[in-house]
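The values are calculated or read from the model by the stated rules, or taken from the named source; none is laboratory data. These figures come from a predicted structure and were not determined experimentally. Don't worry about glycine lacking a Cβ; one is built from the backbone with ideal geometry, like all the others, and counts go over all protein chains shown. Surface accessibility is based on the protein's heavy atoms, side chains included, excluding ligands, DNA and RNA. Shrake-Rupley method; radii C 1.70, N 1.55, O 1.52, S 1.80 Å.
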Amino acid sequence: MPDAQHFTGIRQIRVITDDFTSATDALPAFAQRGWPTRVVLGESPAAPPLPEVWSTDTDSRALDDATAASRVATWAQRWRDADLLVKQFDSTLRGPVACEVMAAWRASGRRKLLVAPAFPAAGRTTVNGEVRVDGVPVSETAFSRDPHTPVRVSSLPGLFAAAGQQLHVARDAAEAIHLLDRVDAVVVDASTEADLEKLVFAASPRRDLLWAGSTGLLRALALALPERQHAVPAWKGAQRPGIVVGSFNPRSRAQLRHAESPGALVWATPDELGASDALTAELVEQVCDAVLAGRCDGLAVTGGETAKHIARRLQAFEIAVLREVEPGIPLCLMRTPQGEIPLVTKAGGFGDDNVFEHCLQSLRGEI
């Protein structure tokens with residue numbers, strides 16, 4: 001594990017993400033180290049006097065390159081004075097990854113770019129700069145058939161070359177540090193959590209970096225921070241939790257078939273109809289009607305678009321992240337005018353077969 005001494009003096013940490021589930025799954029590792037966390041919805045508030053970790057969702061994963069880059073640059077400029085600034089991107093390279101990272105780098109004022117896309121706990125590794133899912137290049141997996149943002153390229157250097165930036169490949173942490181003394185932008189291979197922890201340990205003395213990567217990198221960064229004594233907000237476990245499946249990822253659909261929880265409400269878009277904005281809107285309306293009527297008081301939601309629209313429909317003004325249910329799957333408190341609602345958000349491809357059972361147990365406060 002990295003030595004927390006390397007990150008002493010860090011107070012404000014900011015994470016820019018491209019969708020709602022990423023904004024929530026960016027934070028549980030920090031919360032579990034005792035750091036207060038917040039998903040910023042809307043304009044950024046003034047920085048607090050106490051150390052905090054904030055994330056925001058630019059809602060840009062499905063946008064064209066120019067619009068996505070503009071949104072990211074706005075937040076990178078706004079948060080350029082953060083002690084630690086991270087541009088998070090999807091661990092399977094969905095969305096305009098290269099142009100967003102480049103926009104954040106330019107606007108941040110940082111001299112160097114360090115890219116670490118691996119999330120080994122979720123089966124995502126990086127080999128020779130190529131992202132793999134369970135050992136298979138990501139462009140050859142189900143993510144190549146994503147209905148909104150199909151993945152066509154597995155190579156980070158290839159993606160960045162198309163955006164006009166050479167990205168040098170480092171085989172490990174030691175080579176990454178050596179390269180950063182000679183070049184401006186480096187992507188680092190990693191196959192284990194320990195690989196990422198070594199990278200953070202080696203690079204943490206540098207304060208001129210824009211860090212870019214997935215939840216795996218954020219977990220390693222959190223471990224390198226000193227623990228803080230922050231009281232976890234008191235909350236009431238759900239009595240009538242529900243499962244919401246808005247993702248069309250085949251893994252989420254298989255997980256729903258394994259879910260067996262008497263009394264739990266279930267909403268899901270029909271498999272056979274495919275993805276559409278109208279179906280998502282209908283699903284969100286059904287879920288929110290149940291919450292507002294008191295028939296549901298906790299939600300496990302898969303699909304970033306679905307979760308985002310539920311939060312908006314319920315007029316959520318703040319989301320605090322409490323801890324992880326499973327790697328990359330956070331338990332949150334969503335604060336709305338109607339009160340606090342426990343919320344678990346999950347990217348479509350994350351979790352084991354029993355993930356929804358674990359989500360419901362977490363929502364009830366049983367684990």
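Here are a few things to note about the model shown:
- Test item: Cα-centred dipole of the chain, Lys/Arg +1 and Asp/Glu -1 on Cβ, debye: 800 debye
- Per residue, the solvent-accessible area of the chain (1.4 Å probe, heavy atoms of protein chains only, all protein chains present) comes to 39 Å².
- One chain, two ends: Asp352 and Leu292. Fully extended at 0.36 nm per residue, the span grows by 18.5 nm beyond their Cα-Cα distance.
- Cα gyration tensor shape of region 269-336, rounded if a/c is under 1.5, else prolate or oblate by comparing a/b with b/c: oblate
- Summary of packing: across the peptides 83-91, 183-191, 284-292, the per-residue average of other C-beta atoms within 10 Å ranks them, highest first, as 83-91, 183-191, 284-292.
- Of the residues Glu43, Glu340, Glu357, the one that moves most in a GNM of the chain with alpha-carbon contacts below 10 Å is Glu43.
- Inter-part distance, region 198-245 to region 345-365, computed on C-alpha centroids, equals 18 Å.
- Helix-derived mean residue ellipticity, 222 nm - over the chain, DSSP H n ≥ 4, -39500 (n - 2.57), to 500: -9000 deg cm²/dmol
- Extension gain for the segment Phe317 to Arg257, taken as residue separation times 0.36 nm less the Cα-Cα distance, is 18.3 nm to one decimal.
- The accessible surface of region 20-68, taken with every protein chain in place and a 1.4 Å probe, is 54 percent carbon and sulfur.
- For the pair region 113-177 / region 21-81, the C-alpha centres are spaced 22 Å from each other.
- Ala174-Gln338 pseudo-label distance in nm [points 7 Å out on the Cα-to-Cβ vector]: 5.7 nm
- Carbon-plus-sulfur accessible fraction, region 181-278 (probe radius 1.4 Å, protein heavy atoms only): 51%.
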